[in-house]
Amino acid sequence: MNDAVNISQNVLSGKFSAVEITQTTLNKIAAKNQQLNCFTEITTETALKDAAKIDQEIAQGKNPGILAGVPFAVKNLFDIAGLTTLAGAKINAENLPATQDATAVARLKKAGAVLVGALNMDEYAYGFVTENAHYGTTCNPHDLQRIAGGSSGGSAAAVAGGLVPFSLGSDTNGSIRVPAALCGIFGFKPTYGRLSRAGVKLFSSSLDHIGHFATSVRDIATIFDVLQGEDEQDPVCTKRPIDLCLPQINNDISGIKIAIADDYFTQKAEPAALAAVAKVAHALNVTEYVTIPEAEIARAAAFVITACEGANLHLENLKSRPQDFDPATRDRFLAGALIPHSWYIQAQRFRRWYRDQVREIFANVDIIIAPTTPISAPLIGQKTMILDGEEILVRPHLGLFTQPLSFIGLPVLSVPIKEKNSLPLGVQLIAAPYNEALILRVAAFLEAQGIVSGGLLHEF
């Protein structure tokens, strides 16, 4: 009963109480978190109090919301009232506690979800591994010797390990999709600006998205619908009508034009990653290919923008207390601080050109499919990997196939592919801005066909 919608239905029907569900979740966290190291904070007291309130509302004949009694947790860069927002950093532990919940957290609570804690991540969201020098490494539930991915590694591992049915994360260059793929669950990054980032510690403002992890398409759609809506506290959050996706999900994908990304998206990937794409393409009866032009340059430009914006946010601390950073994060921020302004300006100019080129592709295609990561989960501490006969660094290159897409804010869902006796991989379903419903329809079809599925195949 790890599916969020099923939990809510059982709570609303009275089969289980919200307090029972919450206590069971807290017991799971107590039993498993020591192995996985997902959580940096567990909000036991407030979770049980919130659950009791939900049970009281149900007893009074009220409906506490579509997520009534469903436990969830959030990456520790989301503000939680009463807790200090760490963003994976030792320096932030000195800050005062947040006075209110982030908008996304507040909206989920309003829908009846019960927050049970905050989750581990790469420091300041700068990484793909969640090997945090301050708060430890998050392990992959499929193999505890391997990474969960990052920077939302705690969020992915908590869902994949069955500790919570869903979680929130953030995605700058792939920080939701990479860990979703490596942990074998669904990871959704909606259109840039579609969901409010108010109350979220930013890494790179012009690239940062928030999104979520779950084990089913129905849960992904339900949570997305709850999170939608403009927010005056976030100037980037777009003022668009709410487009509820759950009612649009069915197994009918007729009329949806789908293509496979070729060229850049078929290079530097292990055979299993390309086989995962081929499996999805076969299930969808897709044979058409499209080329996303200059994807490699887009990735390089994303690196420049990320490094510059991130370094600028932390410049004073980099000068005054560099020893308090995670060394891997500090060194990349210092490099970013040295990038000439002209490079940043040129990267943004290229970004506009690239956005226009990709928009032309979506004039003829609705969905593009591509690998999420070039490899399955590396070992903890692994520094390099071999792709196409070349030895390259693990940490920056796990985002090979995700960065060119978040660079222009496209909505993307990473769907999990699992083969027997193999580690999970992911395939990205990519659409034009604000076409989240199309992505979820295709994902629902694949799920119904048994091609993709979230969650663990066994207990770790």
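The values are calculated or read from the model by the stated rules, or taken from the named source; none is laboratory data. Quick caveat, the model's predicted, so the values are computed rather than measured. Quick reminder, even Gly has a Cβ in these numbers, built from the backbone with ideal geometry, and neighbours come from all protein chains shown. Areas reflect the complete protein model, heavy atoms only, side chains present, ligands, DNA and RNA absent. Shrake-Rupley method; radii C 1.70, N 1.55, O 1.52, S 1.80 Å.
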I'm told Lys15 meets every condition in (1) part of a loop (DSSP other than H, G, I, E, B); (2) within 25 Å of the chain's Cα centre (by Cα); (3) modelled with pLDDT of 95 or more; (4) not hydroxyl-bearing (Ser, Thr, Tyr) except one. Can you identify the failing condition by its number?
(2)
The correct count of residues that are free of Cβ contacts under 8 Å to residues at least 40 places away in the same chain and not acidic (Asp, Glu) in segment 52-86 is 11
Apart from one, (1) farther than 17 Å from Lys110 by Cβ; (2) out of contact with any helix residue (DSSP H, G or I) (no Cβ under 9 Å at 6 or more places or on another chain) all hold for Gln56; the odd one out is (1)
Sort out which residues of segment 47-85 are more than 18 Å from Leu119 (Cβ to Cβ) and of a type in the set (Gly, Ala, Ser), and write them in order of number.
Ala51, Ala52, Ala59, Gly61, Gly65, Ala68, Gly69
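Restricting to segment 220-259, what's the tally of residues that are of a type in the set (Val, Ile, Thr) and open to solvent by less than 10 Å² (accessible area, probe 1.4 Å)?
Count: 3.
Here is a yes/no grid of residues against (1) among the basic types (Lys, Arg); (2) out of contact with any strand residue (DSSP E or B) (no Cβ under 9 Å at 6 or more places or on another chain):
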position: Lys268; (1), (2): yes, no
position: Leu274; (1), (2): no, no
position: Asn285; (1), (2): no, no
position: Ala298; (1), (2): no, yes
position: Ala311; (1), (2): no, yes
position: Lys319; (1), (2): yes, yes
position: Gln323; (1), (2): no, yes
position: Ala335; (1), (2): no, yes
position: Ser342; (1), (2): no, yes
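Can you tell me which residue among Gly112, Gly127, Gly136 is more than 17 Å from Ile210 (Cα to Cα) and open to solvent by less than 20 Å² (accessible area, probe 1.4 Å)? Steps first, answer last, please.
Working: Gly127 fails: more than 17 Å from Ile210 (Cα to Cα); Gly136 fails: open to solvent by less than 20 Å² (accessible area, probe 1.4 Å).
Answer to the check: Gly112.
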Using beta carbons and a limit of 9 Å, which pairs, at least six apart or on different chains, have the first residue in segment 319-344 and of a type in the set (Val, Ile, Thr) and the second one open to solvent by less than 70 Å² (accessible area, probe 1.4 Å) and assigned to a helix (DSSP H, G or I)?
Thr329/Glu123; Thr329/Tyr124; Thr329/Gly310; Ile339/Val304; Ile339/Ala307; Ile339/Cys308; Ile339/Ala311
Positions within segment 410-460 being more than 23 Å from Gly162 (Cβ to Cβ), of a type in the set (Gly, Ala, Ser) and either modelled with pLDDT under 95 or not in a strand (DSSP E or B) (or both), in sequence order
Ala432, Ala437
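Residues in segment 166-178: is at least one buried (at least 24 other Cβ atoms within 10 Å of the Cβ) and farther than 25 Å from Tyr434 by Cβ? Lay out the reasoning, then the answer.
First pass over segment 166-178, keeping only residues buried (at least 24 other Cβ atoms within 10 Å of the Cβ): 166-178.
Within this subset, residues satisfying the condition of being farther than 25 Å from Tyr434 by Cβ are none.
Looking for residues that are buried (at least 24 other Cβ atoms within 10 Å of the Cβ) and farther than 25 Å from Tyr434 by Cβ, one finds none in segment 166-178, hence no.
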